[in-house]
Every structure is written in C-alpha cells, then in structure tokens.
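The values are calculated or read from the model by the stated rules, or taken from the named source; none is laboratory data. Here the structure is a predicted model, which is why all the values come from computation and not from measurement. FYI the Cβ positions are ideal-geometry reconstructions off the backbone, even for glycines, and counts take in every protein chain you see.
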Amino acid sequence: MTLQFTHPERLLRSFGIVDPADIDLEAIAWELGAKIRKGPLATCEARIVGLNGRAIITVDERKPPKRRRFSIAHEIGHWQHHRGRCLTCRVQDIGSIRQRPANDPERIADEYASDLILPRYLIEPRVQDVPRLTIKTLGEIADEFQASKTATLIKVVATGRFPILMVCTTRAGRKWFRSSPTVPGRWFPRTDVSPDSLAFEMLYGAKPESTMPRPVKASAWFDRDAGGFTILEQSFKVADAEIMSILTLTDKKMLAS
Ligand SMILES: [Zn+2]
C-alpha cells in the first residue's frame, strides 16, 4: 500500500525527519516564517497574527508542554491554510474531537497538527513491533512523540495494527469513538455506559485505572449480537469526568466480516 503523504508529512520528510524526537516545532515554524512566543493569554489558548508572510504565534505558557505543543502545531496549520486571517483559538477549538465539517478551519488545523506531531510514516513502523496495545505502551509511544495519549491513540487506531476501538465516555454516555479499519462496522458502541464496563466503575466509583487490559462481556460495550463474546477493556481518565476506553476484540469470530 502506498501512503499518500499529507502536507505536514511532506514537510517533515523534506526536513529529513526520521525520528519523532527531531520534530522541532519552533524550527519548523521559523522555516515557514512564523515565530513562537510563550505568554499568558487571557481569552484564548493560542493565537496567530500574520503580516506580509511573517507571523507570530503565541501560546499560553500556563498550559502543560504536550498541550502547548499541540497548540503550536495547530497554529502552524492555520498559518499554512488560513494565511491572512488573524485567528485566536479557544480551548474548545484546539484538539476538539467534536464533529465539525471537513472545511471547518479548526478541524483543518487540528488534522494538520496531528500529522505534524504524529506523522503516519513514523507511527506505522513504531507500532509494528508492539504485540498488543496497553495504556503503558500507549504512554511510551505518546511520550516519544511528545503528544497526549488521546491524540496518539487516534493515530494508532487509524493504523489498523490492532483490532481495537477507542471510546470516550462521560456520565451522559458515549461522547465519541473511533474504530480500527480492521474492526467490522457492525461493532458500533452503545450510547450509554453499561455498569458492566470498567469505564462505568471509573466514572461512578473510585476505581483506579487497571494496569492491564481486563476481560469484560462484549455486551457491556455493544448491543448487537454481543451476548456470548468477551473483549478486553482498559480505560484511563482524560479529564475530570471523562474516560477513554481501549477495547480489544480478541475473538476472531468478532472480526470475521
Ligand atoms: Zn484554531
């Protein structure tokens, strides 16, 4: 399969970057005519002000390093796609998984940021040697790419390397999910949070994150014909009242199309 490189991936390759540790966003921004500044921002998380081919990107210095990094990459995306516009990006504009139309500038900037920080040509070979995905291995990959576990997981799911789904839930139910291309479309997660899931125990109880994936009934996550199957679940907290679950379909019968 030939990989179609996106703009940020072509850019990284043109710089000869073959290791995530070498993705120096300040240097890349500089090459593109943008300077990065850190400072306190009151009403937004990051902003870009450009004039005559030069721009200044400011990120909120109070945010954690991985979040700042994603925000810088997001602003570089705006610089490449929405030049001539002065943009201020709020917390909910950056790294928001809410479905936005494909031409929405915030979504375009997020996708750009994702490919700049977690390019597929570096993620795909990295996951080849991972026999199975746990939160621990996910955390190691996320640290190598200096990205959040959620942003990393989105790219890992998309590789199709593992038969997994990632499902984000709150007490109100399923917020969003992504499936590996190897998971048949009939495995569509329930909209509610089942008491049989570990996510439920983490949302409503004080259950800590499990160190290893645990078997749960597939019916805890899927409505459809899931009665007899068992899957693996491992969940982690992403925000105060938000849980991310990695569901692994271990039964080959579930993967048959
Ligand atoms: Zn933005």
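General observations
- Residue match in segment 116-126 (condition: in contact with a Phe, Trp or Tyr (Cβ under 9 Å, 6 or more places away or on another chain) and within 21 Å of residue 63 (Cβ to Cβ)): yes
- So residue 162, is it away from the ligand (no atom under 16 Å from the Cβ), more than 26 Å from residue 92 (Cβ to Cβ), touching a residue at least 60 places away in the same chain (Cβ under 8 Å) and not aliphatic (A, V, I, L, M): yes
- Failed criterion for residue 185 (all others in (1) within 22 Å of the chain's Cα centre (by Cα); (2) under 30 Å from residue 64 (Cα atoms) hold): (2)
- Residues (assigned to a loop (DSSP other than H, G, I, E, B) and surrounded by fewer than 13 Cβ atoms within 10 Å (Cβ to Cβ)) located in segment 33-54: 40, 42, 43, 52, 53
- Scope segment 165-182; condition out of contact with any helix residue (DSSP H, G or I) (no Cβ under 8 Å at 6 or more places or on another chain), touching a residue at least 60 places away in the same chain (Cβ under 8 Å) and of a type outside the set (A, V, I, L, M, F, W, C); matching residues: 175
- Only one of the listed residues (167, 193) is under 18 Å from residue 96 (Cα atoms) and either outside the structural domain of residue 69 (by TED's automatic domain parsing) or of a type in the set (D, E, K, R) (or both). That residue is 167.
- Candidate set from segment 59-79 (those that are in contact with a Gly (Cβ under 7 Å, 6 or more places away or on another chain) and within 13 Å of the ligand (Cβ to nearest atom)); member that is farthest from residue 35 (Cα to Cα): 70
- Filter pass, residue 62 being over 12 Å from residue 117 (Cβ atoms) and touching a Pro at 6+ places or on another chain (Cβ under 7 Å): yes
- Residue in segment 80-97 that is farthest from the ligand (Cβ to nearest atom), counting only those that are in contact with a Pro (Cβ under 9 Å, 6 or more places away or on another chain) and part of a loop (DSSP other than H, G, I, E, B): 85
- Against the list (1) outside any helix (DSSP H, G or I); (2) more than 15 Å from the ligand (Cβ to nearest atom), the condition residue 123 fails is (1).
- Residue 111 being acidic (Asp, Glu) and assigned by TED's automatic domain parsing to the domain that holds residue 60: yes
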